[in-house]
Amino acid sequence: MNDRTLIATGIIGTAVAAVCCFTPVPGLLLSAVGLSAALGYVDYVAIPALAIFGAITVYAVAKRNPT
């Protein structure tokens, strides 16, 4: 995987995970399809995903610009 693809993956993944963590989007989407009981478990997935995609972004930027 080249640097540009890795950075794009990290940034897009971080943005999607941040939207799921910090806005009521998961609540609206899950309640619209009748799965609002799963809202208690969203944080178990969204917060680690945010950390992982953030780490991918930092790694890709560090790999691209060695100092």
- [ ] Look at region 20-44 and say how many of its residues are at pLDDT 85 or above and under 30 Å from LYS63 (Cβ atoms).
- [x] 1
Open item on the list: Every residue in region 14-29 that is part of a helix (DSSP H, G or I) and farther than 28 Å from ASN2 by Cβ, please.
Closed with: CYS21, PHE22, VAL25, PRO26, GLY27, LEU28, LEU29
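Yes or no, residue by residue, for (1) of a type outside the set (Lys, Arg); (2) part of a loop (DSSP other than H, G, I, E, B); (3) touching a residue at least 12 places away in the same chain (Cβ under 8 Å); (4) surrounded by fewer than 12 Cβ atoms within 10 Å (Cβ to Cβ):
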{"site": "MET1", "(1), (2), (3), (4)": "yes, yes, no, yes"}
{"site": "SER31", "(1), (2), (3), (4)": "yes, no, no, no"}
{"site": "GLY34", "(1), (2), (3), (4)": "yes, yes, no, yes"}
{"site": "GLY40", "(1), (2), (3), (4)": "yes, no, no, yes"}
TODO: Evaluate region 43-58: report whether one residue or more is hydrophobic (A, V, I, L, M, F, W, C), part of a helix (DSSP H, G or I) and more than 15 Å from the chain's Cα centre (by Cα).
DONE: no
Open item on the list: It is to be established whether one or more residues within region 35-42 are touching a helix residue (DSSP H, G or I) at 6+ places or on another chain (Cβ under 9 Å) and among the β-branched types (Val, Ile, Thr).
Closed with: yes
TODO: Could you tell me whether any residue of region 55-66 is exposed (fewer than 14 other Cβ atoms within 10 Å of the Cβ) and touching a residue at least 60 places away in the same chain (Cβ under 8 Å)?
DONE: yes
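The values are calculated or read from the model by the stated rules, or taken from the named source; none is laboratory data. Note that the structure is predicted; figures quoted are calculated from it, not measured. Positions of Cβ are generated from backbone atoms using ideal geometry, with glycine treated the same way; all protein chains shown enter the neighbour counts.
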